[in-house]
Amino acid sequence: MKADPTDQRRLVDLAELDLRLAGLEHRRGALPEQAALDALEAERRSATESAARSRIHVEDLDRATTKLRSDLDAVHRRREKDAGLLEAGGLSDRQTTELEYELRSLARRQDALEDEIGELDRRREALDADVSHSGAMISDLDTRIDAARSERDTALADLEDAVTAATAERSREAEGLPAELLDLYARSAQSAGVGAAILNGGRCSGCAMDLDRSTVSAFRAAAADAVLTCPECGVIVVRTGAP
């Protein structure tokens, strides 16, 4: 293939723009602002799950406490009934002994229930503190997430502006280039990762390989409008007139 040497040199500028666009695309996928936002959102999900678990524990404790209080009320009623029977008198010795024994048992049961309720109340108080702390943390994270999202959006907007500018510049650079030359450039970019590169002395700047002397001699002897490709990587090599 033959192409005007000026058009060939424009391919190098085109390749630089393509590399810039590729870099911008890579940055889009590895945006630090997005990573910071993702980390905060993950932290919020963790805090939300922790708060949800604490609320479930609170509900479990409340059910357990309700059951214990119901049992305690039953013990109180039973003690009052037995105490009333003793005060009323008229009981046999055996009945009196049985009631006194039951009252002592009920007193121990009451103490045990009150201790259990007290322990559950303390655990609930600690869980309430956890829920409150999680709520404050979530509120703080929401504020930080809003700020991080704004920073991410600004960074994305700046990135899109850079992509738009580079794309427009690339279109201008490619305008007027022969279709056959652009097609070869596209195939080179697809296979070698870069469409065109400078022939720097005897080295291809596309693959950074030093070419053998016979190839370098052939390249130097080729007509100025001859389109050359690197035998190592297949990229279009552009001569600049430098030795």
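Taking the stretch 114-149 as the range and being charged (D, E, K, R) and free of Cβ contacts under 8 Å to residues at least 40 places away in the same chain as the test, the residues that pass are Asp115, Glu119, Arg122, Glu125, Asp140, Asp146.
Exactly one residue out of Ala218, Ala223 is open to solvent by less than 70 Å² (accessible area, probe 1.4 Å) and either touching a residue at least 60 places away in the same chain (Cβ under 8 Å) or in contact with a Phe, Trp or Tyr (Cβ under 8 Å, 6 or more places away or on another chain) (or both): that is Ala223.
Scanning the stretch 127-167 for residues that are open to solvent by 40 Å² or more (accessible area, probe 1.4 Å), within 30 Å of Arg10 (Cβ to Cβ) and over 25 Å from the mean Cα position of the chain (by Cα) yields a count of 3. For beta carbons closer than 8 Å, sequence separation of 6+ or different chains, a first residue in the stretch 180-206 that is of a type in the set (Val, Ile, Thr) and a second that is not in a loop (DSSP other than H, G, I, E, B), the qualifying pairs are Val194/Ala15; Val194/Asp18; Val194/Leu19; Val194/Ser188; Ile198/Val12; Ile198/Val237; Ile198/Val238.
Per-residue answers, yes or no, for (1) among the aromatic types (Phe, Trp, Tyr); (2) free of Cβ contacts under 8 Å to residues at least 40 places away in the same chain; (3) part of a helix (DSSP H, G or I):
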residue: Leu19; (1), (2), (3): no, no, yes
residue: Ala22; (1), (2), (3): no, yes, yes
residue: Ala39; (1), (2), (3): no, yes, yes
residue: Ser70; (1), (2), (3): no, yes, yes
residue: Asp73; (1), (2), (3): no, yes, yes
residue: Gln95; (1), (2), (3): no, yes, yes
residue: Tyr101; (1), (2), (3): yes, yes, yes
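Yes or no, residue by residue, for (1) within 30 Å of Arg149 (Cβ to Cβ); (2) surrounded by fewer than 16 Cβ atoms within 10 Å (Cβ to Cβ); (3) modelled with pLDDT of 95 or more:
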{"site": "Glu33", "(1), (2), (3)": "yes, no, yes"}
{"site": "Glu41", "(1), (2), (3)": "yes, yes, yes"}
{"site": "Ala51", "(1), (2), (3)": "yes, no, no"}
{"site": "Thr65", "(1), (2), (3)": "no, no, yes"}
{"site": "Arg69", "(1), (2), (3)": "no, yes, yes"}
{"site": "Val75", "(1), (2), (3)": "no, no, yes"}
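The values are calculated or read from the model by the stated rules, or taken from the named source; none is laboratory data. These numbers were taken from a predicted model, which means no experiment stands behind them. Positions of Cβ are generated from backbone atoms using ideal geometry, with glycine treated the same way; all protein chains shown enter the neighbour counts. Surface areas here come from the heavy atoms of the whole protein model, side chains and all, with no ligands, DNA or RNA. Shrake-Rupley method; radii C 1.70, N 1.55, O 1.52, S 1.80 Å.
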